[in-house]
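Engineer: My structure is below; once you've seen it, I'll send some questions.
The values are calculated or read from the model by the stated rules, or taken from the named source; none is laboratory data. Being a predicted model, the structure only gives us computed values, none of them experimental. Here the Cβ positions follow ideal geometry from the backbone for every residue, glycine too, while neighbour counts run over all protein chains shown.
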Amino acid sequence: MRQTVAAMPNYAPALDHETMDPIGHHIQGFARSQGEKRALTDEKGTLTWDQMISRSNRIANRLRADGLQTGDTVAGLSENSNDYMCLYLGTLIAGGCMVPLSGMASGEALALMVEDCDTRFLFVSEKNLPLFNEIRDQLKRVQPAQRIGLGTSDVDSGQDLDTWLGDTGDEAQPAEVTMDDPFNIIYSSGTTGTPKGILHDYRFRQRQLIRLANFGLDGDAINLVSTPLYSNTTLVSALPTLYHGGTLVLMGKFNAHRFLELAEEHRVTHAMLVPVQYSRIMAEPDFDQFDLSSFKLKLCTSAPLRSNVIAEAMKRWPGNIREVYGLTEGGISTTLDCAANPTKWDSVGVPTEGAEIRIIDDNGKELPQGEIGEIVGRAISMMRGYYHREQQTKDMLWTSPEGLTFYRSGDMGRMDEDGFLYILDRRKDMIISGGFNIYAVDLEKVLLEHPAVADVAVIGIPSEHWGETPLGLVVRRPGSSATEEDILGFANNKLGKTQRLAGVEFRDDLPRSTIGKVLKRELREPYWADQKK
């Protein structure tokens, strides 16, 4: 695999005098310098830095004894836990490429992912055994002896992690890796066919590990991790925390009340959250009874954080908020310092150091400041490509007039006069009604001004006269007596003539991905089904 990766183009800008201290090498020193300090805590217990490094080194040594070569993939199907984090680190120490898999995927998609990533090792937690049992007969590359349990021996090898490790020693033997070697493969959340494997090399991750220390993710950080390790959202904050000697508190499954309990108990300083988690945490009836004074910074990514949620969090929750916008693929990178920019909360901030954002039209022509188009970007962290998918990698590239390679986001947006970026919609979700472009975020913002609206999504539905027209799907606040007509009238009185909603429908909740994105395609499907016949 090393030759395959090295042959793929590297689109990231070069940096002068770049040095690399790979994470597998770097973390060894913490076992000596702060061995008794807490490194990992999950619901079952705590590992000190010395214990975490020892266990990770043993995993690395056993992987190599079983034939792992530099660049080989190791797949994991597990919720967050101390052992899963040690497996991740152990794979990197051994020179392997980690492939964290989603326990929320369908059996069909999961089997395709396992085969697609060429892994020879598969580690499965007890919680994910039912999903594993769906696919075990479809797995061809992973031999039964290399299917290992995390907290269970009910796998084909009959071995849990401890049995598999046996008497393997914990001597530190981190593999020599280059900036071009693979670090991890993250699979997109596709619902049809095989999700795309996004290949990150050491260049991508090492630059990110160092840059995130500027957010305080350092040796003093206590980071509460409540999103899954198969999401890049999680890795953006979890890996830098460990790289700099901090502490992770791991949640196997998110629960808003438990999050608050853990934050208070462990004096948490940092957390990376997705927008829906902010809303659910602050909706807890006893939110204000918890001591959250230890928080220094909360991060948010995966979708824009609405300005009304920012306002409430900044008022009620100690510590600053930094919103991060980017792709798992890299290339696009902005950040919004909410404390420093209270008038820009509707934006996703400005490009980070070393990043460049441009806006292009449907023909690939660059647009001037203020005009709406597709967001493209380049940054110091850019994926090597979609694994085994050269054409799909090429399809997301845009070449500037100067010959620079940018990644296409699929998001529609604009830049204001101060260089702040505003996201308006996914390109595929944009509503075209009577020839006018309508951006759902503008309509959703108005609907959220109604006191009865707790959550909302605007989608395009078929219209005989306009081609398609916007519909508001609203989740009401508990106890509200507002009718659909009340909310529709309120919104349409504030919206422009070409933006007006055709209707409002109430929903108990909105379907979301495992990292909190509203699944608009799922919402649209029933309305467009007849059009496809």
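Engineer: So is ASN184 assigned by TED's automatic domain parsing to the domain that holds MET104 and closer than 30 Å to PRO275 by Cβ or not?
Structural biologist: Against the criterion (assigned by TED's automatic domain parsing to the domain that holds MET104 and closer than 30 Å to PRO275 by Cβ), ASN184 qualifies.
Engineer: Going through the range 293-311 one residue at a time, which ones are under 21 Å from GLU449 (Cβ atoms) and either surrounded by fewer than 20 Cβ atoms within 10 Å (Cβ to Cβ) or aliphatic (A, V, I, L, M) (or both)?
Structural biologist: Across the range 293-311, the qualifying residues are ALA303, LEU305, SER307, ASN308, VAL309, ILE310, ALA311.
Matching residues to (1) among the β-branched types (Val, Ile, Thr); (2) out of contact with any Ser or Thr (no Cβ under 8 Å at 6 or more places or on another chain):
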{"site": "LEU248", "(1), (2)": "no, no"}
{"site": "GLY252", "(1), (2)": "no, no"}
{"site": "VAL268", "(1), (2)": "yes, no"}
{"site": "MET272", "(1), (2)": "no, no"}
{"site": "LYS296", "(1), (2)": "no, no"}
{"site": "ARG306", "(1), (2)": "no, yes"}
{"site": "LYS315", "(1), (2)": "no, yes"}
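Engineer: Taking the stated definitions as given, is ALA482 on the phi < 0 side of the Ramachandran plot, crowded, with 20+ Cβ neighbours inside 10 Å and small (Gly, Ala, Ser)?
Structural biologist: Spelling it out, it is not the case that ALA482 is on the phi < 0 side of the Ramachandran plot, crowded, with 20+ Cβ neighbours inside 10 Å and small (Gly, Ala, Ser).
Engineer: Can you name the number of the only condition in (1) buried (at least 19 other Cβ atoms within 10 Å of the Cβ); (2) under 30 Å from HIS25 (Cα atoms) that LEU260 fails?
Structural biologist: Single failed check for LEU260: (2).
Engineer: Restricting to the range 282-337, give me the number of residues that are of a type in the set (Ser, Thr, Tyr) and without any contact (Cβ under 8 Å) to a residue 24 or more places away in the chain. Quick ask: steps written out before the conclusion?
Structural biologist: Of the range 282-337, the ones of a type in the set (Ser, Thr, Tyr) are 293-294, 301-302, 307, 325, 328, 333-335.
Now restrict to residues that are without any contact (Cβ under 8 Å) to a residue 24 or more places away in the chain: 335.
Residues that pass the stated criteria total 1.
Engineer: Hey, another quick one. For LEU199, indicate whether it is part of a strand (DSSP E or B), surrounded by 24 or more Cβ atoms within 10 Å (Cβ to Cβ) and at pLDDT 95 or above.
Structural biologist: On the way: part of a strand (DSSP E or B): yes; surrounded by 24 or more Cβ atoms within 10 Å (Cβ to Cβ): yes; at pLDDT 95 or above: yes.
Yes, satisfied.
Engineer: When residues of the range 409-444 are filtered for being farther than 19 Å from THR334 by Cβ and either at pLDDT 90 or above or of a type in the set (A, V, I, L, M) (or both), how many remain? Can you show your working first?
Structural biologist: First, the residues of the range 409-444 that are farther than 19 Å from THR334 by Cβ: 428-438, 440, 442-444.
From what's left, either at pLDDT 90 or above or of a type in the set (A, V, I, L, M) (or both): 430-432, 438, 440, 443-444.
Adding up the residues that qualify gives 7.
Engineer: Against the definition (assigned to a helix (DSSP H, G or I), surrounded by fewer than 24 Cβ atoms within 10 Å (Cβ to Cβ) and of a type in the set (S, T, N, Q)), how does GLN51 come out, yes or no? Walk me through how you get there before you give the answer.
Structural biologist: On the way: assigned to a helix (DSSP H, G or I): yes; surrounded by fewer than 24 Cβ atoms within 10 Å (Cβ to Cβ): yes; of a type in the set (S, T, N, Q): yes.
Yes; evaluated as a whole, the condition is true for this residue.
Engineer: Suppose we filter the range 248-269 for residues that are in a loop (DSSP other than H, G, I, E, B) and β-branched (Val, Ile, Thr); how many remain? Don't jump to the end; show me each part of the working.
Structural biologist: First, the residues of the range 248-269 that are in a loop (DSSP other than H, G, I, E, B): 251-255, 266-269.
Narrowing the set further to residues that are β-branched (Val, Ile, Thr) leaves 268-269.
Number satisfying all stated conditions: 2.
Engineer: Regarding PHE290, is this residue closer than 21 Å to GLU312 by Cβ, out of contact with any Cys (no Cβ under 9 Å at 6 or more places or on another chain), buried (at least 20 other Cβ atoms within 10 Å of the Cβ) and not basic (Lys, Arg)? Reasoning before the result, please.
Structural biologist: Details: closer than 21 Å to GLU312 by Cβ: yes; out of contact with any Cys (no Cβ under 9 Å at 6 or more places or on another chain): yes; buried (at least 20 other Cβ atoms within 10 Å of the Cβ): no; not basic (Lys, Arg): yes.
The answer is no for PHE290.
Engineer: Do the conditions hold for ALA379, that is, is it of a type outside the set (Val, Ile, Thr) and surrounded by 22 or more Cβ atoms within 10 Å (Cβ to Cβ)?
Structural biologist: Working: of a type outside the set (Val, Ile, Thr): yes; surrounded by 22 or more Cβ atoms within 10 Å (Cβ to Cβ): yes.
So ALA379 fits the description; yes.
Engineer: Here's a follow-up. Could you check, for the range 348-356, whether at least one of its residues is among the polar types (S, T, N, Q), in contact with a Phe, Trp or Tyr (Cβ under 9 Å, 6 or more places away or on another chain) and either within 30 Å of GLU18 (Cα to Cα) or not assigned by TED's automatic domain parsing to the domain that holds PRO470 (or both)?
Structural biologist: Looking for residues that are among the polar types (S, T, N, Q), in contact with a Phe, Trp or Tyr (Cβ under 9 Å, 6 or more places away or on another chain) and either within 30 Å of GLU18 (Cα to Cα) or not assigned by TED's automatic domain parsing to the domain that holds PRO470 (or both), one finds none in the range 348-356, hence no.
Engineer: Select, from THR233, THR227, THR241, the only residue that is modelled with pLDDT of 95 or more, of a type in the set (S, T, N, Q) and either within 17 Å of TYR88 (Cβ to Cβ) or buried (at least 24 other Cβ atoms within 10 Å of the Cβ) (or both). Give the steps one after another, and end with the answer.
Structural biologist: Details: THR233 fails: modelled with pLDDT of 95 or more; THR227 fails: modelled with pLDDT of 95 or more.
Answer to the check: THR241.
Engineer: Quickly run through the range 230-247 and pick out the residues that are closer than 17 Å to MET52 by Cα and not in a helix (DSSP H, G or I).
Structural biologist: Taking the range 230-247 as the starting set, the residues that turn out to be closer than 17 Å to MET52 by Cα are 238-247.
Hits for the range 230-247 are HIS244, GLY245, GLY246, THR247.
Engineer: Could you identify the single residue in ARG384, ARG408 that is in contact with an Asp or Glu (Cβ under 8 Å, 6 or more places away or on another chain) and either surrounded by 22 or more Cβ atoms within 10 Å (Cβ to Cβ) or over 19 Å from ASN232 (Cβ atoms) (or both)?
Structural biologist: On the way: ARG408 fails: either surrounded by 22 or more Cβ atoms within 10 Å (Cβ to Cβ) or over 19 Å from ASN232 (Cβ atoms) (or both).
Result of the check over ARG384, ARG408: ARG384.
Engineer: Hey, another quick one. Which residue pairs have Cβ atoms closer than 8 Å, lie 6 or more positions apart in sequence or on different chains, and pair a first residue in the range 197-213 that is closer than 22 Å to SER102 by Cα and free of Cβ contacts under 8 Å to residues at least 12 places away in the same chain with a second residue that is among the aromatic types (Phe, Trp, Tyr) and buried (at least 22 other Cβ atoms within 10 Å of the Cβ)?
Structural biologist: none
Engineer: Can you find a residue that is of a type outside the set (Gly, Ala, Ser), surrounded by fewer than 24 Cβ atoms within 10 Å (Cβ to Cβ) and at pLDDT 95 or above anywhere in the range 207-219?
Structural biologist: So far as the range 207-219 goes, no, none of its residues is of a type outside the set (Gly, Ala, Ser), surrounded by fewer than 24 Cβ atoms within 10 Å (Cβ to Cβ) and at pLDDT 95 or above.
Engineer: I've got another one for you. Specify which of the listed residues (ASP162, ASP137, ASP170) is surrounded by 15 or more Cβ atoms within 10 Å (Cβ to Cβ), of a type outside the set (Lys, Arg) and more than 19 Å from TYR230 (Cα to Cα).
Structural biologist: Numbers: ASP162 fails: surrounded by 15 or more Cβ atoms within 10 Å (Cβ to Cβ); ASP137 fails: surrounded by 15 or more Cβ atoms within 10 Å (Cβ to Cβ).
Residue meeting the stated conditions: ASP170.
Engineer: Follow-up question, since we're still on this one. Tell me the strands (runs of 3 or more DSSP E) entirely within the range 270-343 that contain at least 1 residues that are in contact with a His (Cβ under 9 Å, 6 or more places away or on another chain) and among the basic types (Lys, Arg).
Structural biologist: Working: elements: 270-273, 297-300, 320-326, 333-337.
By residue number, 297-300.
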